[in-house]
Amino acid sequence: MPRALATPTVVAPRGSVTVVTPAPPTVSRRGVLKLSFWSALAALLAGAGAGLLNSVYPRNVAGFGGRVVVPAAKVPPPGAPPLQNIEGRFWLVNLAPGEGRIAGGAAESAGGLVALWRKCPHLGCTIPWKDSYRSPHDAEGRRGWFLCPCHGSTYSKAGVRIFGPAARSMDTMLIEVDRAGNVIVDTGKITKGNAANPARAVPPPAAT
């Protein structure tokens with residue numbers, strides 16, 4: 001007994017070509033629903049992944065090695081404690097006139113903005129600001145110093161070394177101030193620190 005064909009056929013007369021036409025595939029309602037579900041889930045996961053990636057690595061934001069902007073509203077006033085910028089790895093200092101030098105060091109400066117790389121020149125430890133610390137190595141007994149927690153190197157508010165195994169003062173970064181008063185720190189342009197750090201200060205934004 002001949003086997004039944006799974007698909008309809010069109011049989012031509014003897015000597016001609018036989019053409020077999022496959023039946024169109026059928027998709028059940030359940031299959032359509034499953035396909036829609038998995039497509040929607042894939043789109044949702046793709047969107048969530050893009051959002052997470054953008055939050056971890058935000059676009060159009062320059063980190064260390066690039067230009068970092070400190071908005072005018074966040075710039076500390078002259079004489080205020082330094083502002084730490086985590087993204088750019090620096091301390092933004094707004095020196096009051098004559099501030100930041102050490103006794104017997106360079107001549108007093110007119111003050112202004114200095115961006116200090118928070119890395120200690122000795123072995124690279126992160127240097128915190130100690131607002132109430134009084135250094136025993138300062139003849140004037142002033143409070144407020146950068147103090148390396150690793151080996152005790154001590155620096156003035158302008159990053160001038162006063163004590164410790166560090167071979168030099170804290171390094172500085174290039175600063176610009178735009179017309180709106182925002183401070184742009186170029187963390188890719190670093191200059192080795194020395195006793196003349198206060199003289200590198202840039203005039204702060206004009207008071208409004």
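Every number here is computed from the coordinates shown, using simple stated rules; none is lab data. As the structure is a prediction and not an experimental result, all values here were calculated from the model. Here the Cβ is made from the backbone with ideal geometry for all residues, glycine too, and neighbour counts use every protein chain on show.
Values as computed for the structure displayed
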item	result
In order through the range 109-122: 3J(HN,Hα) via Karplus (6.51 cos²θ - 1.76 cosθ + 1.60), integer Hz, x for Gly, Pro	10, 7, x, x, 8, 9, 9, 9, 5, 6, 7, 5, x, 6
Potential lengthening between residue 137 and residue 150 on full extension [0.36 nm per residue; Cα-Cα distance subtracted]	2.9 nm
Residues of type aspartates and glutamates that residue 192 reaches as a straight line, Cα spacing below 16 Å, ignoring anything fewer than 8 places off in the same chain	171
Long-range HN-HN contacts of residue 118 with modeled amide H, under 5 Å	90, 91
Estimated inter-spin distance, residue 30 and residue 190, nm [label 7 Å along Cα→Cβ]	6.5
Neighbour cut-off at most 15 other Cβ (10 Å), DSSP loop, trypsin sites (Lys or Arg not before Pro), the range 97-163	142
All lysines inside 29 Å of residue 189 as judged from Cα atoms, apart from same-chain residues fewer than 8 positions distant	74, 119, 130, 157
